[in-house]
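The values are calculated or read from the model by the stated rules, or taken from the named source; none is laboratory data. It should be emphasised that the depicted structure is a prediction, and the values quoted were computed from it without experimental measurement. Please note: Cβ atoms are built from the backbone with ideal geometry, for glycine as well, and neighbour counts cover all protein chains shown. Each accessible area value is taken on the protein alone, full model and side chains, heavy atoms only, with ligands, DNA and RNA left out. Shrake-Rupley method; radii C 1.70, N 1.55, O 1.52, S 1.80 Å.
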Amino acid sequence: MKHDPRRALPAVGTLLELDGVRRLLTTAPRDLVTDVVRSVIEHARQASAPAPSDDAAWVGAIEAALVQRQRSTLRRVINATGVVLHTNLGRAPLANAALDAIRVVAQGFSTLEYDVTTGARGSRHAHCTALLTELTGAEDALVVNNCAAALVLSLNTFADGREAIISRGELVEIGGSFRVPDIMAKSGAKLVEVGTTNRTHAADYRSAISQHTGAVVSVHRSNFTLEGFVASVPVRELVPIAAEADVPLLHDFGSGLLLDLSPWGLTGEPSARDAVKAGASLVMMSGDKLLGGPQAGIIVGKATMIDALRKNPLARALRVDKLTLAALEATLALYRDPARAVSAIPALSMLTAPVMSLEARAGHLVAMLSASGVSSRVARVTRTEATVGGGAFPGARIPSAAVSLEVASPELLEAKLRNGTVPVIGRIAEGKVVLDLRGVCPELDDELGALVARALA
Ligand SMILES: *Cc1c(COP(=O)(O)O)cnc(C)c1O
């Protein structure tokens, strides 16, 4: 008769007495270790694989489960995907100035809502406003939790119970479960769709306007391109239409681009200043896309309208915390010197790095791997194409360089890299694991090399 391994499972108390487990108790709380021991026994009871065969194997299983349990769920990873502003990987990495500002403000007390000149209560909304108006040319500005919140707040303020007119070509989904029609509906505005998916004309907006209209909305097509038989009405031409109807024109602009990146081959995306100049009443954007700052929703535009937003009770529910304001203010300040912004803001320095430098780094990594015994048939420098990500420059392909790894099972290697001490997120293309360097900060190269060498060992 076959032996039933479930009968042989040890008791919790027995395992807790093992030397290896007692050692764990010197660094982890007893309740946690006990709980982990229990879960390891339970796992052995249910798993199809055989239970640990001896004391050492039990200790090993318990130790591994404890490490797993104590690890933060929010961890840093190395972004070797070739998508720089990867929404699932946290979008823009912050500039050192922003990190320093967070530390200073978070460590103690701050002028968050206190005016030191008068010694009286100040406003949280006062921060970043001057910088935002200076950098965009708008009259006033407000910062909320994210761009989705900016759209909800704006629509709720001006079009609650009224109609919001939008082109069918702009009823889009922008990653991270942001669907324009759903967001608009939650704001209390009634969606009025005009035009068709590929073509919308000024006359379509005009004929939809009535005494029920609360706002005209324009959403930037930030993560896809429409080509072929297409027509849309630029913001500039929507301005007189909204003005005639005496309703605000709300422009969801998205990317938060503050600089002209065409010298680096990134063309066709308007900057925030261009968007403001086009004349919408309010322009909304994210803080953590091309702006390169923390997650935030930035609204700039007409002073009277920004003021109305501030007075909406929803503004309180959507407000940002001091850490965000500290990071955003420090990031925005870097833009006063555009050359400095490009080198100091990681998102921008990554997007503008010359492909030659990426190739040189890939070569250095391959040499590193070769020094640790990885064959030159396995690891090679490859030319790739990276993308901006985060809903900006959707059609842009940025020349990039990668280390490509040719192994028997790319799926296995890709999974090993993901599950290392610091996860390395790459992609599989043409049967190889491709680690694109466009989104990897150069300071991480040595660590990346070591992680890859370990995964290949
Ligand atoms: C990214 C994007 C959003 C969503 O921004 P969040 O800051 O993630 O809420 C909204 N609109 C446009 C046009 C975008 O590109």
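Pick from Ala92, Ala101: which is assigned to a loop (DSSP other than H, G, I, E, B) and surrounded by 10 or more Cβ atoms within 10 Å (Cβ to Cβ)?
Working: Ala101 fails: assigned to a loop (DSSP other than H, G, I, E, B).
It is Ala92.
Give me a count of the residues in the stretch 395-416 that are more than 16 Å from the ligand (Cβ to nearest atom) and touching a residue at least 40 places away in the same chain (Cβ under 8 Å).
We begin by selecting, within the stretch 395-416, every residue more than 16 Å from the ligand (Cβ to nearest atom); these are 397-416.
Right, trim to touching a residue at least 40 places away in the same chain (Cβ under 8 Å) and you get 398-403, 405, 407, 413.
The total comes to 9.
Could you tell me whether Leu171 is among the aliphatic types (A, V, I, L, M) and surrounded by fewer than 20 Cβ atoms within 10 Å (Cβ to Cβ)? Let's see the steps before the verdict.
Working: among the aliphatic types (A, V, I, L, M): yes; surrounded by fewer than 20 Cβ atoms within 10 Å (Cβ to Cβ): yes.
Taking the combined requirement at face value, the residue satisfies it.
Cβ-Cβ distance below 9 Å, separation of 6 or more or different chains: which pairs start in the stretch 369-394 with a residue that is free of Cβ contacts under 8 Å to residues at least 24 places away in the same chain and end on one that is assigned to a strand (DSSP E or B)?
Ser370/Ala379; Val381/Ala401; Val381/Ala402; Val381/Val403; Val381/Ser404
Which of the helices (runs of 4 or more DSSP H) contained wholly in the stretch 140-254 include at least 1 residues that are at pLDDT below 90 and more than 24 Å from Arg273 (Cβ to Cβ)? Before the answer, list the steps.
Working: elements: 147-159, 180-186, 202-208, 235-244.
In the stretch 140-254, the matching helices (runs of 4 or more DSSP H) lie at 180-186.
One residue is enough: does the stretch 351-368 have a residue meeting the conditions more than 16 Å from the ligand (Cβ to nearest atom), open to solvent by 20 Å² or more (accessible area, probe 1.4 Å) and at pLDDT below 95?
Within the stretch 351-368, none of the residues are more than 16 Å from the ligand (Cβ to nearest atom), open to solvent by 20 Å² or more (accessible area, probe 1.4 Å) and at pLDDT below 95.
Say we look at the stretch 384-399 and pick out the residues that are surrounded by fewer than 24 Cβ atoms within 10 Å (Cβ to Cβ) and among the small types (Gly, Ala, Ser); which of these is nearest to Ala362 (Cα to Cα)?
Ala396
Could you tell me which residue of the stretch 145-190 is farthest from the ligand (Cβ to nearest atom), considering only residues that are among the acidic types (Asp, Glu) and free of Cβ contacts under 8 Å to residues at least 24 places away in the same chain?
Applying the first criterion (among the acidic types (Asp, Glu)) to the stretch 145-190 yields 160, 163, 170, 173, 182.
Restricting the remaining residues to those that are free of Cβ contacts under 8 Å to residues at least 24 places away in the same chain gives 173, 182.
On the way: Glu173: 10, Asp182: 12 Å.
Per the criteria, the residue is Asp182.
Do we find that Thr111 is part of a helix (DSSP H, G or I), assigned by TED's automatic domain parsing to the domain that holds Leu249 and more than 16 Å from the ligand (Cβ to nearest atom) in this structure? Can you show your working first?
Numbers: part of a helix (DSSP H, G or I): no; assigned by TED's automatic domain parsing to the domain that holds Leu249: yes; more than 16 Å from the ligand (Cβ to nearest atom): yes.
Considered against the rule, which asks whether it is part of a helix (DSSP H, G or I), assigned by TED's automatic domain parsing to the domain that holds Leu249 and more than 16 Å from the ligand (Cβ to nearest atom), Thr111 comes out as no.
Among the residues of the stretch 418-456, write down those that are within 13 Å of Leu405 (Cα to Cα), open to solvent by 50 Å² or more (accessible area, probe 1.4 Å) and part of a loop (DSSP other than H, G, I, E, B).
Selection gives Glu430 alone.
Which count do you get for residues in the stretch 28-62 that are outside any helix (DSSP H, G or I) and either closer than 15 Å to Pro10 by Cβ or open to solvent by less than 40 Å² (accessible area, probe 1.4 Å) (or both)?
Final tally of qualifying residues: 7.
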